[in-house]
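Okay, structure first, notes after.
The values are calculated or read from the model by the stated rules, or taken from the named source; none is laboratory data. These numbers come from a predicted model, not from an experiment. Methodologically, a virtual Cβ is constructed for each residue, glycine included, from the backbone with ideal geometry; neighbour enumeration extends over all protein chains shown. Heavy atoms of the whole protein, side chains included, go into the accessibility calculation; ligands, DNA and RNA do not. Shrake-Rupley method; radii C 1.70, N 1.55, O 1.52, S 1.80 Å.
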Amino acid sequence: MSETKSKIILIGAIDKGHNPTNGETMKNQLFIRRFHELFAKVIAIDTLNWKKRPWVLIRIFFVLLFNRQTKVIISSSAAASYLISFLYYVPLCNYVYFWVVGGNLHLGIAQGKYNIKALKKLTHIIVQGQSMVNELNKVGLSNAIYVPNSKPIIYSPKIRPHKADKPYRFVFLSRVHPDKGITDITAAAQKLIQEGYGNKFSIDFYGQIASGYSDMFMTLISGVDNVNYCGYLNLLDNDGYQKLSEYDAMLFPTYWSGEGFPGIVIDANIAGLPIIATDWNLNKSVIEDGKTGFIIPVHDSNALAMRMMNIIDQTVDLHEMKKNCVQYVQQFDFRRVLSEELMRKIKLY
């Protein structure tokens, strides 16, 4: 192993030993997996629910104190702003990186949640979109750099024409939260039923239901035929992607403030699913309208219903779009994105 491939410290929400339940824990578990290939040693510190586990902060302090020459990645967590400020005033390490999950860092800065001087001192702030780099540049953060979201491309779907006698199957795969457009999906389903499409489609929801939202969500979907909640879908192996590839298209009418480059966009593309998504944050930059999906206005259930009807009526070439997805996603393979070349570029090597 090259001498440059020493050790690295990763601090973030990991939830080690459990299936990831959100984009952050998924990303950090994949980081650990890839960094073990790239570095001689990975020291991972899990900050999940850190306020209920304050001893984690003590561990962070001593790990940094005794590894002062080791490069540190803070991969977004609820503790990130505190850690960044702490390391500004107590500079234990020379190289500190903030690897951002989501797309609203600039809003957090505007709201005073981050110490701008501390952010400027970081080696790099790594974000998921070029538009995010531009927003950070506007507030004087010249250390921002774009690195797209990525995942292992472990599955290749068999793209088959839709069977004429089968209903079209739509899927939602994300945290089940009201700001993910749940009511827009149910409203679109009701519109399709009113227009006579009741026996031509179904919608399945997968994902962890947000705290306090379960009763409302179950009430919403219980009032709509053809709509079901299916629990958790594990995409850590081929079986999960195989199940996902059995659907025809993904629904993602999100307006969640923290949305960046959603990992489910990559998941959908891996499974060969075009995505109907809102024009929100980075969606337009990672979904090719008309090729790998459709971009619709925010809070527009009619537009969502129309695109679903376009698919059902076969006025769009769904088969070609599915092939486009499989080709498009190859650029986001995590070994291609998190490459040795990138490690050298951002001075982790």
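Tell me, please, whether a residue that is farther than 16 Å from ILE185 by Cβ, open to solvent by 10 Å² or more (accessible area, probe 1.4 Å), of a type outside the set (Val, Ile, Thr) and touching a His at 6+ places or on another chain (Cβ under 9 Å) can be found in segment 337-347. Taking every residue of segment 337-347 in turn, at least one turns out to be farther than 16 Å from ILE185 by Cβ, open to solvent by 10 Å² or more (accessible area, probe 1.4 Å), of a type outside the set (Val, Ile, Thr) and touching a His at 6+ places or on another chain (Cβ under 9 Å). The residues in segment 28-51 that are within 14 Å of ALA80 (Cβ to Cβ) and out of contact with any strand residue (DSSP E or B) (no Cβ under 7 Å at 6 or more places or on another chain) can be counted, and the count is 4. The residue of segment 11-45 that is surrounded by the fewest Cβ atoms within 10 Å (Cβ to Cβ), among those that are more than 16 Å from the chain's Cα centre (by Cα), part of a loop (DSSP other than H, G, I, E, B) and among the hydrophobic types (A, V, I, L, M, F, W, C), is ALA40.
For LEU48, the requirement of being out of contact with any Ser or Thr (no Cβ under 8 Å at 6 or more places or on another chain) and open to solvent by 40 Å² or more (accessible area, probe 1.4 Å) is not met. I want to confirm something. Restricting to segment 288-316 and keeping residues that are β-branched (Val, Ile, Thr) and part of a strand (DSSP E or B), which single residue is nearest to ILE266 (Cα to Cα)? Out of the qualifying residues, it is ILE295.
Residue pairs whose Cβ atoms lie under 6 Å apart, separated by 6 or more positions or on different chains, with the first residue in segment 277-296 and closer than 15 Å to ASP179 by Cβ and the second at pLDDT 95 or above and among the aromatic types (Phe, Trp, Tyr), are ALA277/PHE252; TRP280/TYR255.
Do any residues in segment 108-129 that are open to solvent by 10 Å² or more (accessible area, probe 1.4 Å) have Cβ atoms under 6 Å from those of residues that are in a helix (DSSP H, G or I), where the two are at least six apart or on different chains, and which pairs are they? Pairs that qualify, where the first residue is open to solvent by 10 Å² or more (accessible area, probe 1.4 Å) and the partner is in a helix (DSSP H, G or I), are LYS113/SER81; TYR114/SER81; TYR114/GLY108; ASN115/SER85; LYS121/TYR88.
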